[in-house]
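I have placed the structure first, in the form of structure tokens, so that the comments after it can refer back to it.
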Amino acid sequence: MKSSRSVSVILAGYNESDNVMQAMERMYEMLTKNFENFELIMVDDASKDDTAALMDAFAGEHDEVKVVRNYVNLNFGTSVLRGMAMAQNEYVTFTACDLPIAPEDIGNLICEMDDDIDLLVMERRNYVTTKWRSITSKGNTILLRILYPKLTRGTPVLNYSQIFRRRIIPDIIPLARSPIFVWPELIFRAKLLGVNWINVPVECRVTNLRRGAFGHPHDIIWGMYDMFRFRIRLWSGNY
């Protein structure tokens with residue numbers, strides 16, 4: 001039987017022509033199989049390849065698929081936030097076009113969430129990446145724990161995917177737009193709001209080497225700015 005829960009899934013990407021068609025097909029198949037009411041929101045982050053055209057073509061064949069286009073590159077975090085602003089359904093989640101989280105795993109997590117849970121934080125258990133990105137990721141985690149010892153408690157992995165009840169989203173939208181701090185700030189704001197949350201381990205299904213933006217010097221500086229800005233706002237009580 002299909003779940004009566006309504007779901008909005010956001011897939012965002014930049015130059016993902018090699019991945020986006022398979023991602024849309026697999027996610028749409030999972031949603032059709034498991035949920036009576038759903039929408040798939042595709043966000044193209046100003047790609048220079050055929051990503052946007054492929055998204056448009058797929059949306060033209062499926063009424064439940066919407067496309068958002070950034071006309072300048074805004075990065076993955078900001079792209080997902082644009083998708084979240086459009087989401088209409090009860091449960092809202094996101095992932096990347098290379099599907100680090102299997103669509104079936106996402107569907108199972110949503111179906112199994114207790115009714116009183118407003119935020120599910122996915123804890124990535126395995127990850128294949130470059131040595132440099134691994135080093136910067138560990139440094140990021142250490143810095144977050146130093147700056148936010150209470151807010152990081154219980155959620156050892158902050159830069160991954162989450163599932164939200166849509167009703168809390170307007171109250172937790174972050175100031176951050178950096179790829180490093182959008183997700184932690186969303187989680188921190190939800191915890192400060194006092195919502196019921198849970199941390200759940202998940203397997204990363206991508207086995208190819210992932211580079212991404214987190215290790216770029218520009219994004220490290222940008223992320224640190226967002227981190228310290230939010231820390232200062234917490235101290236001042238003006239977050």
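Every read-out reported here was derived from the displayed coordinates using simple, explicitly stated rules and does not represent laboratory data. Quick caveat: nothing in here was measured; it's all calculated off a predicted structure. Here the Cβ is made from the backbone with ideal geometry for all residues, glycine too, and neighbour counts use every protein chain on show.
Name the residue that is surrounded by the most Cβ atoms within 10 Å (Cβ to Cβ), counting only residues in segment 121-138 that are in contact with a Leu (Cβ under 8 Å, 6 or more places away or on another chain) and β-branched (Val, Ile, Thr). Ranking the candidates gives Val121 first. Return the residues of segment 174-209 that are β-branched (Val, Ile, Thr), part of a loop (DSSP other than H, G, I, E, B) and more than 13 Å from the chain's Cα centre (by Cα); say none if nothing qualifies. Of everything in segment 174-209, those that are β-branched (Val, Ile, Thr), part of a loop (DSSP other than H, G, I, E, B) and more than 13 Å from the chain's Cα centre (by Cα) turn out to be Val195, Val206, Thr207. Just one of the listed residues (Asp114, Asp171, Asp118) is under 25 Å from Leu99 (Cα atoms) and surrounded by fewer than 20 Cβ atoms within 10 Å (Cβ to Cβ), namely Asp114. I'd like to check something: does segment 17-39 contain any residue that is within 19 Å of Asp105 (Cα to Cα) and of a type in the set (Val, Ile, Thr)? Yes, segment 17-39 contains a residue that is within 19 Å of Asp105 (Cα to Cα) and of a type in the set (Val, Ile, Thr).
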